[in-house]
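Note sheet for the following structure.
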Amino acid sequence: MAKKQAFNPYLPSYEYIPDGEPHVFGDRIYIYGSHDRFNGSHFCLNDYVCYSAPLDDLTDWKYEGVIFRKDQDPRNQNIPADAQIVQRDPNVDFGPGTLNAPGVHSMYAPDVVCGPDGRYYLYYCLDVLSAIAVAVCDTPAGQYEFLGLVRHPDGTVLGAREDDYFQFDPGVFVDDNQVYLYSGFSPQGADDPAPRYHSQVMRLEADMLTIAEEPRPLLPAAWESKGTPYEGHEFFEASSIRKINGKYYFVYSSVKCHELCYAVSDKPDEGYEFGGTIVSIGDIYLNGRTEAESLNAHGNTHGSIECVNGQWYVFYHRQTNRTQFSRQACAEKIYFDENGHIPQVEITSCGLNYGPLKGKGMYPARIACRLTRYGKNVYSGMRQMGTDYPYYRQDLPDCEPSAEMDALDAKEPIQYITNILDGTEIGYKYFDFDNVSSVSIELRGTAEGSMQLYAGEEKVASIPVSFSGTEWKALPVKLAAVLNGVNSLKFAFEGECKLEMRSFTLE
């Protein structure tokens with residue numbers, strides 16, 4: 001039986017789980033994240049779900065189901081039908097209107113830890129309310145129950161006091177039975193003499209709710225980093241921590257948004273030194289690439305690192321559907337040098353796979369790791385990606401995982417690339433080609449022009465494309481040379497066209 005393969009994104013094409021926090025519990029790895037809705041109007045509109053995979057097979061992801069619903073939080077219950085969202089921080093603009101039904105708040109990026117008592121604790125925030133909530137469960141992916149809000153020793157909710165830091169994107173970590181809680185949101189340009197917006201750390205009591213000390217600043221913010229190694233890569237959000245070879249690695253999303261950075265310390269709660277960029281969703285900085293040369297739409301990303309069977313991976317998310325509200329989970333192998341530094345890794349199509357993808361067979365177009373036009377891909381503002389660039393979309397509405405959906409996805413990919421115009425380049429890394437002499441591309445739309453096909457830097461096909469139709473059609477391409485060995489693949493379109501691409505087959 002042929003071994004399955006893992007692609008990026010590594011979950012089903014109809015699934016949108018950003019902000020991934022990977023954790024190994026027992027013999028499985030679990031992915032916890034927020035839960036976007038396809039074509040949603042805001043971040044994180046769906047309930048928390050979980051996926052897991054056996055440690056010896058990262059191609060075999062299992063849907064664990066809904067683990068916590070937003071209506072389980074008392075702040076989302078018994079709300080009058082005409083209520084409006086209240087208590088949102090007035091200094092944080094996350095768009096007009098309500099996030100869900102009137103008065104109902106979304107659950108943003110969570111984290112999960114196995115507490116000293118052996119139970120599992122889920123920490124999260126309701127959109128931009130300045131408070132951290134906790135839910136608890138006896139198993140990693142069971143039905144979590146609301147426990148309470150993180151609080152001061154006198155019972156006051158953390159974040160409610162006027163002098164409290166703003167609470168956001170919690171990360172939680174246990175070291176020698178001491179529980180550490182990390183939090184914070186620090187947008188570039190905020191300039192308050194006593195800023196609420198800051199990376200912070202605190203210790204928790206054994207009840208997992210009460211802080212044992214007042215939160216303390218951790219990483220420098222944009223307004224205090226001039227002249228330091230953090231300058232230009234300051235903390236923005238997404239606190240996450242791991243202990244590796246006696247060192248503490250703090251992973252975070254920087255003010256650049258498109259990158260995950262890290263800092264290292266000998267202690268979990270102080271002394272962090274900037275390490276560098278782990279991954280950028282546009283491969284920005286690799287080989288001198290600038291933001292203007294981004295290989296993908298570079299909205300925000302959020303994630304962390306985890307070790308599986310001796311191999312470390314970085315988990316992050318990409319943008320789809322020309323907004324920042326339908327994000328998908330990706331991952332790449334990472335490596336540590338002799339000094340414990342993590343060199344920046346490139347984004348690929350085969351991140352969690354055991355190696356390059358097989359050089360024969362059908363592949364969904366959605367696994368592209370390069371999606372550009374005229375050598376770049378940008379977004380305008382916080383909400384809408386540039387309308388003149390290709391992007392990922394699906395015809396179906398927001399979908400619930402099911403065996404039927406999985407079968408359909410394998411046979412006829414649900415997600416595809418749309419808005420393919422003159423100058424579009426669609427790239428894939430990497431394949432181990434096996435005597436490939438032709439490629440068949442599944443397209444629909446209109447085109448009068450040509451398509452160039454590259455294996456690495458070598459052009460291996462150039463064909464005229466005269467195409468029109470609303471149904472998917474296969475376009476066969478005979479290659480100028482037989483392909484063997486490990487290489488990348490890139491499709492480049494020229495001329496008058498407005499196409500969509502669903503899959504391609506290597507033969």
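Things worth noting here:
- Yes/no for Gln143 being open to solvent by 40 Å² or more (accessible area, probe 1.4 Å) and under 24 Å from Val255 (Cβ atoms): no
- Residue, surrounded by the most Cβ atoms within 10 Å (Cβ to Cβ), within the range 388-408, restricted to residues that are under 15 Å from Ser326 (Cβ atoms) and among the hydrophobic types (A, V, I, L, M, F, W, C): Cys399
- Val201 falls short on exactly one of the conditions (1) under 28 Å from the mean Cα position of the chain (by Cα); (2) modelled with pLDDT of 90 or more; (3) farther than 23 Å from Tyr120 by Cα, and that condition is (3).
- Members of the range 212-230 that are modelled with pLDDT of 95 or more and within 28 Å of Ile347 (Cα to Cα): Leu219, Thr228, Pro229, Tyr230
- Cross-chain or 6+ apart pairs with Cβ under 6 Å, the range 479-499 first and within 29 Å of Gly445 (Cα to Cα), then of a type in the set (S, T, N, Q) and not in a strand (DSSP E or B): none
- Applying the criterion of being open to solvent by less than 30 Å² (accessible area, probe 1.4 Å) and hydroxyl-bearing (Ser, Thr, Tyr) to the residues of the range 451-507, the residue that is farthest from Tyr391 (Cα to Cα) is Ser488.
- Residue satisfying all of: in the range 215-229; open to solvent by less than 10 Å² (accessible area, probe 1.4 Å) and not polar (S, T, N, Q); nearest to His198 (Cα to Cα) among these: Ala221
- Inclusion of Glu412 among residues that are under 29 Å from the mean Cα position of the chain (by Cα), charged (D, E, K, R) and open to solvent by less than 60 Å² (accessible area, probe 1.4 Å) is not warranted.
- Meets criteria (within 23 Å of Asp337 (Cα to Cα) and either surrounded by fewer than 18 Cβ atoms within 10 Å (Cβ to Cβ) or without any contact (Cβ under 8 Å) to a residue 60 or more places away in the chain (or both)) for Tyr272: yes
- Any hit, the range 350-365, residues being open to solvent by less than 50 Å² (accessible area, probe 1.4 Å), assigned to a helix (DSSP H, G or I) and under 30 Å from Asp56 (Cα atoms): yes
- Only residues that are open to solvent by 10 Å² or more (accessible area, probe 1.4 Å) and part of a strand (DSSP E or B) were counted across the range 250-264, and they come to 1.
- When we screen Thr446, Thr470, Thr505 for residues that are under 29 Å from the mean Cα position of the chain (by Cα), β-branched (Val, Ile, Thr) and assigned to a strand (DSSP E or B), the only hit is Thr505.
- So Asp57, is it farther than 29 Å from Val104 by Cα and of a type in the set (D, E, K, R): yes
- Residue match in the range 213-230 (condition: in contact with a Lys or Arg (Cβ under 9 Å, 6 or more places away or on another chain) and under 20 Å from Pro268 (Cβ atoms)): yes
- Exactly one residue among Gly155, Gly232 is free of Cβ contacts under 8 Å to residues at least 40 places away in the same chain, at positive phi and open to solvent by 30 Å² or more (accessible area, probe 1.4 Å), and that residue is Gly155.
The values are calculated or read from the model by the stated rules, or taken from the named source; none is laboratory data. The shown structure was predicted, so the numbers you read here are calculated from the model rather than taken from an experiment. Positions of Cβ are generated from backbone atoms using ideal geometry, with glycine treated the same way; all protein chains shown enter the neighbour counts. Areas reflect the complete protein model, heavy atoms only, side chains present, ligands, DNA and RNA absent. Shrake-Rupley method; radii C 1.70, N 1.55, O 1.52, S 1.80 Å.
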